[in-house]
Amino acid sequence: MNLTASRLLALFLTLIFCGYSTDDLAQTGELASLRQKLATSKPDTNRVKLLDKIGDEYAYNDIKTARKYYRDGYELSQKLGFVRGIIRYYSSEGELLNLEGKYDQCMALLRQGVALSRSRKDPMREGIMYENMGNTFGLMQRLDSATIYYFKSLRLFEAFRDSVKLANVYNNLSSVFTQTDKPETALTYINRAIAISQADEDGFYLSHLVNKEAILWKLHRRDEANATNRQIMALARKLNDTVAMADALENGCQHDLDMGRFGAILPHARVLSQLSPSLQSPDRTARAHYWLSVGFYYQKQFADALTHINKALAEARSLTSNQYLPTYYTHYGRLLLADSRDPQQAARFFQLADSLHEVSLNNTIVKTTKELATQYETEKKEATLRQLSLENQNRKRLVSLLVFSVVVLVGALLFFGLWMRNRARVRKQEKALYEQTFQQLESEKQLSASHAIVKGQEEERSRLAKDLHDGLGGILSSVKYSFQAMKQTFILSEENALAFEKSMNLLDASLAELRRVSHNMMPESLVRLSLEDALRDYIQTLTENTNIRFTYQTFGLDTAELDNLYKTTIYRVVQELTTNIVRHAQATEVVVQIMAKANQINLTVEDNGLGFDPKQVNGTKSMGIQNLYHRINYLKGTIDLQTEPGKGCSYYVEIPLNHD
């Protein structure tokens with residue numbers, strides 16, 4: 001059986017089993033007591049909680065019965081107006097849908113839970129919904145989306161200092177990093193989870209151990225992995241957790257096979273086979289027969305091995321989709337060869353296994369392509385409405401910049417006015433060139449012209465920044481030194497001295513503003529440092545000069561190979577969005593997150609500020625925001641805005657790296 005596929009599947013099944021966030025999960029072994037309490041309970045919120053707890057007891061052994069209890073709790077919650085009970089139902093029913101592989105239906109329920117939590121201003125339940133959405137995205141193998149929603153839930157749970165939920169999110173993040181081939185990072189997160197959960201030795205601690213065992217095995221730390229698997233078996237037996245015990249036994253079989261301990265496979269497989277009926281899963285029954293067949297194969301008991309592989313195939317063929325069929329066929333072929341039976345039939349099974357591998361790969365590619373196409377079209381249709389949300393803020397920003405600039409001394413007004421007029425002319429030309437270019441992007445010649453425009457803009461910014469710093473900056477510095485010399489030479493009255501000091505302060509402010517404008521046009525740190533260090537330096541500057549708490553996170557940016565056009569674009573996008581937040585959002589917390597992959601850059605900027613209603617924003621975008629959109633569109637990227645009044649803003653930018 002393929003080690004990577006089977007262990008990663010077990011990893012996320014375990015995540016769903018104990019890591020799927022619900023409130024007040026019942027402990028195993030309490031079913032009789034809970035039923036007795038239910039029989040005498042009144043139709044109130046306590047009865048809802050009892051129904052949910054009983055449903056939890058059945059969830060992984062009898063889905064149909066669990067769904068009945070969850071549904072009864074939901075209907076009673078609706079009658080009582082018990083909002084938390086309704087949200088609990090969305091989470092619990094979503095868990096069952098995940099077990100059935102109905103991920104789209106699960107996501108629809110969870111989105112209802114998010115909307116209801118927000119409307120009731122219940123951030124804890126909102127965080128639970130985000131974590132559950134991350135779990136479902138993980139099962140769908142959309143790991144980027146899973147990571148985003150885990151971090152969204154993590155921020156909410158940290159605000160409540162809820163150690164149990166923090167441990168679950170750490171566990172979930174470790175699962176994602178394991179699947180994205182970052183086992184060392186995954187081990188760091190799972191150790192954080194275990195540090196919290198190990199005191200209770202409950203189902204959560206069990207799921208964390210299962211996760212850690214898979215990570216240790218992937219790191220080839222075999223002895224530690226085997227020791228952890230023995231811990232899992234002991235705790236699963238104590239908690240009467242048949243699902244976790246079955247996973248641990250399968251892991252044991254795989255460990256024995258990988259390490260050449262062939263004689264130990266059959267005892268593990270027999271115990272696994274005894275557990276299978278209670279799991280009510282044809283897939284698990286098939287896998288139990290498979291491992292029995294493998295065990296008999298290495299004992300050279302080929303007749304028994306053939307009997308069990310035939311049973312495994314019978315169970316597997318009854319399923320709509322089964323990823324293990326190629327493995328079963330391959331093993332069947334080996335058995336036929338080992339038992340000196342028909343080699344031609346064995347070859348047919350090997351060929352059938354190869355064909356199924358190819359079909360599975362093609363189906364995965366087609367499914368992923370359709371999902372990406374649908375997602376792209378949806379975002380494209382909504383882009384126009386989202387762009388309107390920035391208009392008022394951009395207009396205010398431009399007016400503020402113009403008003404602030406008039407405080408420069410009279411001697412510098414002419415020079416500065418000429419610069420502003422030149423700047424306005426350049427921006428007007430840029431706008432005309434951008435509009436003309438993006439209307440004719442279908443030809444390669446016009447695409448190259450767009451590249452030249454973007455590059456020329458940066459060169460013009462660099463030239464203007466240097467002219468401002470060396471020209472106007474030198475003049476203002478000379479004026480300052482002349483004033484200082486005059487102060488030492490002349491004796492001024494108290495009134496004149498105050499006026500003189502006021503002028504000096506105004507001159508200092510003018511110099512500071514000049515340096516700020518010059519730095520914003522061409523940041524020195526982007527020339528001297530890497531993109532990651534330049535952004536970190538910029539965010540640190542914002543943190544030190546504002547009352548806003550900035551969180552800056554990158555994944556893979558330090559190793560990404562980007563040319564100057566991409567570096568400048570990403571820097572400008574972060575600079576423009578954070579500047580708007582500082583000026584207008586009245587936020588206290590801002591998160592800037594960049595994830596670099598082989599073919600794409602994902603940028604997320606979120607704040608907890610005032611937010612706004614995009615439908616109420618009218619007018620024309622400022623040149624700064626227009627340039628931001630032009631840069632992203634030129635690189636064939638997308639920008640997505642999610643906001644509403646009082647809920648802050650979230651910007652999601654995706655820039656592909658594989659176009660010419």
*Take the stretch 264-278 and flag every residue that is over 39 Å from the mean Cα position of the chain (by Cα) and farther than 19 Å from Thr307 by Cα.*
Ala264
*Mind listing just one residue for me: the one in the stretch 255-286 that is closer than 30 Å to Glu57 by Cα and in contact (Cβ under 8 Å) with a residue 60 or more places away in the chain and, of those, surrounded by the most Cβ atoms within 10 Å (Cβ to Cβ)?*
Leu279
*Within the stretch 601-634, tally of residues that are modelled with pLDDT of 85 or more and open to solvent by less than 50 Å² (accessible area, probe 1.4 Å)*: 10
*Filter the stretch 294-331 down to the residues that are part of a loop (DSSP other than H, G, I, E, B) and small (Gly, Ala, Ser), then identify the one that is surrounded by the fewest Cβ atoms within 10 Å (Cβ to Cβ).*
Ser321
*Can you name every residue in the stretch 143-181 that is of a type in the set (Lys, Arg) and buried (at least 17 other Cβ atoms within 10 Å of the Cβ)?*
Lys152, Arg155, Lys165
*Has the stretch 99-122 got at least one residue that is under 22 Å from Gln323 (Cβ atoms), at pLDDT below 90 and buried (at least 23 other Cβ atoms within 10 Å of the Cβ)?*
no
*Scanning the stretch 521-542 for residues that are loosely packed, with under 15 Cβ neighbours inside 10 Å and modelled with pLDDT under 75, which turns out farthest from Gly556 (Cα to Cα)?*
Glu524
_Restricting to the stretch 34-64, count the residues that are assigned to a helix (DSSP H, G or I) and open to solvent by 30 Å² or more (accessible area, probe 1.4 Å)._
13
_Residue selected from the stretch 557-590 under the condition at pLDDT 90 or above, in contact with a strand residue (DSSP E or B) (Cβ under 7 Å, 6 or more places away or on another chain) and open to solvent by 20 Å² or more (accessible area, probe 1.4 Å), by the criterion farthest from Phe151 (Cα to Cα)_ = Thr588
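The values are calculated or read from the model by the stated rules, or taken from the named source; none is laboratory data. Worth saying up front: this structure is predicted, and the values here are computed from it rather than measured. Neighbour counts run over all protein chains shown; Cβ positions are idealised from the backbone, glycine included. All accessible areas refer to the heavy atoms of the entire protein, side chains included, with ligands and DNA or RNA removed. Shrake-Rupley method; radii C 1.70, N 1.55, O 1.52, S 1.80 Å.
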